[in-house]
Amino acid sequence: MVPSDLEIKDEDIRIFLDAIKVRSNYDFTDYSLKSLKRRITKIINESKMSIAQFENEILTNPEFVEKVVMGITVNTTDLFRDSAIWISLRDEILPRFAHLKKINIWHAGCSTGQEVYSMMILLEEMGLLSKADIYASDINTNVLETAKAGRYRYRFNHAYVDSFDAVINSGKDALNGDKFTPESKYFLIDKVSDSIQMKSFLTSKPVYKKIDLVKDENLFYVKFDLIICRNVIIYFNYDLQNKVFSLFLKNMFNDGCLLLGMHESILGPYSSHFEKKNLAYFKKNVQ
Ligand SMILES: C[S@@+](CC[C@H](N)C(=O)[O-])C[C@H]1O[C@@H](n2cnc3c(N)ncnc32)[C@H](O)[C@@H]1O
């Protein structure tokens, strides 16, 4: 008999997380339970398994574990998501690094890459792309493949042009002779094949790597001027958030900037290492 939608208890989730930890390299025990419960419930209901069958699959089938892990992560993202952040990057944050010979930027938890492309487009408009080194990572290898390809469905993403204009062409005035940048400088839309394809000078630039912020170190082995980790730590508990702040702090230059999501902030011991300016955290100068 196929079970109908199951109600999964917190202790079942804990049992699954322990099983995943034992059977794989992944550890979700310090993620916030609410979001995990929603995701795991969805996976179990879609797989039409009973709780016992699900647990058994986790314990005996490594490919199934990998599939569950990919399903647990929330990959929502967008081009120029939260336009205010991008305008603040353009007007306040990136100009601080404009004098440097090289600007190192890490997108930690980059999902399918729209944030990485937003950054490269902005840098190019500011004349800074050629001296920027872009590094991007995620725990989920499926999303990294999409990010590398830079190809998105038009049907689900036709708002990209508006989001692009809201940042790249904001404040421009044709009457003042300002030139508007067409999105075709950076990506091509093909409605027939239902695609938005980022241009090759953008897709070829970033270095992508699978990095699990729970357990990995900085596998890029460079220090950063700017770390962008948006809408990732919102899924982590307080201890894991602090662990991630410690990793970032260690791998940033003095005066480097950490940018979190609109609803994320540094609370607790690491707040004293940063100076907050609007939405950005700057690493305090230490000798
Ligand atoms: C909601 S998306 C945010 C994407 C993008 N930063 C943005 O704000 O639009 C969260 C991303 O964090 C990734 N993630 C979750 N846990 C992670 C971990 N332990 N290490 C690295 N990335 C993780 C997910 O796979 C997902 O792609």
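Bear in mind that the values in this text are calculations on the coordinates, not laboratory data. Since the structure is predicted, the reported quantities are computational estimates derived from the model, not experimental observations. All Cβ positions, even for glycine, are placed from backbone atoms using ideal geometry, and neighbour counts span all protein chains on display.
Using the eigenvalues of the Cα gyration tensor, what equivalent ellipsoid semi-axes result for the chain when each is taken as the square root of five times the eigenvalue, whole Å, largest first?
So the three semi-axes of the chain are 36, 25, 16 Å.
Near K9, which aspartates and glutamates are there with a Cα under 20 Å away, not counting those fewer than 8 places off in the same chain?
Cα-Cα hits under 20 Å: D18, D27, D30, E46, E55, E57.
Most fluctuating residue of D190, D225, D178 in a GNM of the chain with Cα springs under 10 Å: which is it?
It is D178.
Suppose only helical runs count, i.e. DSSP H with n ≥ 4. What mean residue ellipticity at 222 nm does that imply for the chain under -39500 (n - 2.57) per run, divided by all residues and rounded to the nearest 500 deg cm²/dmol?
Counting only the DSSP helices, I get -11000 deg cm²/dmol.
Between their Cα atoms, which of K34/K67; K34/K250; K102/K284; K67/K210 are more than 23 Å away from each other?
Flagged as over cut-off: K34/K250.
Classify segment 1-131 as rounded, prolate or oblate from the Cα gyration tensor: take a ≥ b ≥ c as the square roots of its eigenvalues, call it rounded if a/c is under 1.5, otherwise prolate when a/b beats b/c and oblate if not.
prolate
Compute the separation of the alpha-carbon centres of segment 238-253 and segment 46-74 and state it in Å as a whole number.
That distance is 30 Å.
For a test of the definition: using alpha carbon positions, the gyration tensor, and the 1.5 limit on a/c, classify segment 10-72 as rounded, prolate or oblate.
rounded
As a footprinting exposure proxy, order H107, H263, H273 by other Cβ within 10 Å, with the fewest listed first.
If I rank by nearby Cβ atoms, fewest first, I get H263, H273, H107.
Straight-line reach from K179: which aspartates and glutamates have a Cα under 16 Å away, not including same-chain ones fewer than 8 places off?
E124, E125, D165
Given a 10 angstrom Cα cut-off, can you work out which residue in N176, N254, N75 is the most mobile in a GNM of the chain?
Its mean-square fluctuation being the largest, the pick is N176.
With loop defined by DSSP as not H, G, I, E or B, and exposure as at most 15 other Cβ atoms within 10 Å, which is the longest segment of the chain clear of exposed GluC sites (Glu not before Pro)?
The reported range is 8-216.
Give me F201, F54, F28 sorted ascending by neighbouring Cβ count inside 10 Å, so fewest comes first.
Arranged by neighbour count, lowest to highest, F201, F54, F28 become F201, F54, F28.
To make sure I understand the rule: partners must be aspartates and glutamates, Cα under 12 Å from the Cα of K37, and not fewer than 8 residues away in the same chain. Which ones qualify?
In chain and number order, the partners are E7, D10, E11, D12.
At a 10 Å Cβ-Cβ cut-off, how would you order M119, M126, fewest neighbours first?
M126, M119
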